[in-house]
Amino acid sequence: MGIQSLQQFITAHCPGACVPVDLLKIAHSVGVRRRNQLYYNRLCLVVDGECCLDRLYGGFYSDWVCGGQWNRMVQFISVLIKTIQSNNIELAVIFNGGLEQQRMDEWVNKQQSDRKKVNQVLRHVALKATPPPKVWWIPPVCLRTCLRMALRHLNVTVVSTMDDHHQEVIAFCRENHFHGLIAEDAEYAVFDPPRYFSSEQLKLTYKGSLETKELILDEVARTLNLHPNRFCVFAALLGNYLLTEEDLTPFHHVLCPDQPKDKPIPAETLIKAVVDFVRGLPFVDNLEAVGTQIFGAVGQNKIQKFKQCVQYYLNGTKDGFLHYYPAVQGEKEDRGMETPDLSPVRRPLGRGCTLETSDSKTIQVSQLISLDGGDIINGNLGEIKIPVVIEEEVPRVLPPGALLFRPLRQLVYAIVFNLHHMQFMAKQKKDQEGKEEKVPDVIVKEWTWSKHKQYNSPDLVPAMPLGWAVPTIQRLWFGASPDEKKRRMRAFLTCMRSDSPLMLNTSYVPQHMLVMCCVLRYIMADERPILRKQELDAFLAQAVSPHLMNAQFTQTMQLPIITNRGIELAAMFMQGVECALFANDACGSPIPWLMCCPWLFFDGKLFHQKLLKASGAKNLVDVCDGQIDQVSTVERMRIAVLEGLKPQFARPPLLPMEYLGPNISNYSRSQPPSINIPGPNRGRGRGAPVKPSTDARHMISNGGQLEVAGVVVGSWGPNYGRFPHSRNSSMPRQVGTMAGIRRYGAFTTPKGRGCTYRQVSTAKFCNPGLAVSLISLH
């Protein structure tokens, strides 16, 4: 609701204002024009990256849930950018790099919505072991960072905003005389950009066109019969972060007296009522008087919010922007309506925007942490927002990623805020003057999700010293001596718990695998057993697979099942990658950014395939498809990851996941039931696949029941699945659910007692020819 309902209303009720267009044809019709003393004949468009995350990823592919298919994303973006650049189009993609404290409530609401999607995804996968529908799509972990890297690699201008994202995007568009804006946010419609294209409708077709819909805002004004100079008042009365819907609820019910007060007013009804009200106002110049008419003389607080809200939208319009444009130091303040100087040397970007370049370390750090009026030297407070990811709401097996990697971030905070230097200066002053000087506490506010807090308040996280004489941030970033380069790498490895000899030995860890191995070592160095041995092997095996770089192969590859544990492991790993990139930037980029690209060492879908193989393989050779060179590489990387550690692997399940399908999607540390497979294939090793008979291949069941101790405790529907082509899996691709098997692999009798090793029950399946014995051990 609120202002965000306006764009959907325009699309549905202003058909003349939504025109299908081909951006490539528009680009060919752009004439020569003057811009910054140069002549251009290109179509220049600003892209709000926050509105285009799904489009830039390549669409709502269901395999995103496996952890992200980064090579396929890069392949899609490469084709898109090549098409754009060869058709005279210039893009500038802008991401939100600021904290936006004023919009925190909006962000929290978005995270709570995503949390509900995550719960639905995990429930769906637990029951069906298939990818979720696209309506539950959320950005995969590390997507924004991967997009920045890919776009910079393709020589696309990438910008990060630092204060107010919407205002800085429209300012960048106007200051640099771009032709238009690609986004999906109703606030931009109120700003009335030169041209406004829908990012949601953006499609790169097989016939070579780049299609979308253009919103003709003048046509919107005609359809609504509302003068454009009243749009800012109209938008303010719909509600946004300044003047909320709660503030406006009494006014809205006055406009719509027929609507029940205990339910939200339908967007269509509300928008029409507000349009009629604004159209009927005798004037809109005196906002104080308009506010008094709406809220009454006693609603002074709401009147002030209303005036601020209207001014916010005015500042984004063409005329309001010229008034609002900040004067540069030394410039005359009385610019009036004079066109500002837009020379690239003085202000090439929007207000507060920063351009991302391959050698700009300061900007890269600001992508993840926003210093709240911060002074790095004095260690003032900072804040960081950590969005929800695919993980259980109440973790029982895997720790929450935000907490797992918090010690890493604490070390990074110490680097960014020069904690060691402050401690050194305090000690030096004490030695020279004999005065005890307290080192200021470096505390960072972390907004993280938890079941109980749900972003109601931040966690106060102190910076932690690295334990050695870390150079100042200035020397880390700009020092050029060989010794300072070594300290950069040492600082990074310290943050990653990976300061071991073999980690920098390229015969054990290739340079493009360093980030991955550091993340895995960080996880293995945790005091809790997190990964199983076969899971560690799966991470390493997919990284050395020749299929990793084959986007076509991974796209067409079919997974027999996916599991919640695999999904959560991939999300946790990518959280670690994002934190590792944060640490690398803070330490002065000791690892070149081209060696940090996640598509060099991870693909979520391929990881899932290797995880399924590892669960049933007899040895590492099977996991690596019989390729001895891959086995050797994996074993050397594993040695480097575990060097000097006393690894504690999580207890493996007794039952291979390919036999259980959707019923065992998340394992606990308690031993799940084992399985006895009758027939000649019994006893062929850990999780060895059972080759189905000819009859079994054509077996189709109308459903079945699970009996424990003679009592039916679960049933499942028809199974029409076909046998997959995976070499280590012989179960059907679609497997029905058995209600008697709980998520963590334990049986429960009707009386509530769990089966013990003394209670051995035979599960009678109705599928003809398939009889197995299940034993539950506690």
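The values are calculated or read from the model by the stated rules, or taken from the named source; none is laboratory data. Note that the structure is predicted; figures quoted are calculated from it, not measured. For neighbour counting, all protein chains shown are included, and Cβ atoms are generated from backbone atoms with ideal geometry for every residue, glycine included.
For the stretch 285-302, taking the residues that are assigned to a helix (DSSP H, G or I) and small (Gly, Ala, Ser), the one that is surrounded by the most Cβ atoms within 10 Å (Cβ to Cβ) is identified as Gly291.
Whether any residue in the stretch 119-141 is surrounded by fewer than 18 Cβ atoms within 10 Å (Cβ to Cβ), touching a strand residue (DSSP E or B) at 6+ places or on another chain (Cβ under 6 Å) and in contact (Cβ under 8 Å) with a residue 60 or more places away in the chain is what I want to check. Within the stretch 119-141, none of the residues are surrounded by fewer than 18 Cβ atoms within 10 Å (Cβ to Cβ), touching a strand residue (DSSP E or B) at 6+ places or on another chain (Cβ under 6 Å) and in contact (Cβ under 8 Å) with a residue 60 or more places away in the chain.
In the stretch 407-421 there is no residue matching the filter, namely being under 20 Å from Gln111 (Cβ atoms), at pLDDT 90 or above, within 19 Å of the chain's Cα centre (by Cα) and surrounded by fewer than 19 Cβ atoms within 10 Å (Cβ to Cβ).
The condition of being surrounded by 13 or more Cβ atoms within 10 Å (Cβ to Cβ), touching a His at 6+ places or on another chain (Cβ under 6 Å), farther than 30 Å from Gln558 by Cα and polar (S, T, N, Q) holds for only one of Asn88, Asn96, that being Asn96. Which of the residues belonging to the stretch 426-464 are loosely packed, with under 11 Cβ neighbours inside 10 Å and charged (D, E, K, R)? Answer for the stretch 426-464, where residues must be loosely packed, with under 11 Cβ neighbours inside 10 Å and charged (D, E, K, R): Asp431, Glu433, Lys435, Glu436, Lys438. In the stretch 529-596, counting only helices (runs of 4 or more DSSP H) that sit wholly within it, none holds 3 or more residues that are of a type in the set (Ser, Thr, Tyr), farther than 22 Å from Leu645 by Cβ and in contact (Cβ under 8 Å) with a residue 60 or more places away in the chain.
Count of the stretch 46-60 residues, restricted to those that are surrounded by fewer than 21 Cβ atoms within 10 Å (Cβ to Cβ) and among the aromatic types (Phe, Trp, Tyr), is 1. In this structure, Gly467 does satisfy being at positive phi and either of a type in the set (A, V, I, L, M) or surrounded by fewer than 17 Cβ atoms within 10 Å (Cβ to Cβ) (or both).
Residues in the stretch 642-655 that are at pLDDT 95 or above and buried (at least 16 other Cβ atoms within 10 Å of the Cβ): Leu642 only. Every residue in the stretch 598-641 that is surrounded by fewer than 19 Cβ atoms within 10 Å (Cβ to Cβ) and either touching a Cys at 6+ places or on another chain (Cβ under 6 Å) or within 24 Å of Met496 (Cβ to Cβ) (or both), please. Correct list: Glu635, Arg636, Ile639.
Going through Leu476, Leu466 one at a time, which residue ends up being touching a Cys at 6+ places or on another chain (Cβ under 7 Å) and under 14 Å from Phe417 (Cβ atoms)? The match here is Leu476. Got at least one residue in the stretch 463-475 being touching a Pro at 6+ places or on another chain (Cβ under 8 Å) and touching a residue at least 24 places away in the same chain (Cβ under 8 Å)? The answer is yes, given that some residue of the stretch 463-475 is touching a Pro at 6+ places or on another chain (Cβ under 8 Å) and touching a residue at least 24 places away in the same chain (Cβ under 8 Å). Contact annotation: residue pairs with Cβ atoms under 7 Å, 6 or more positions apart or on different chains, pairing a residue in the stretch 389-401 that is among the small types (Gly, Ala, Ser) with a partner that is surrounded by 15 or more Cβ atoms within 10 Å (Cβ to Cβ) and not in a loop (DSSP other than H, G, I, E, B), are Gly401/Ala571; Gly401/Met572; Gly401/Gln575.
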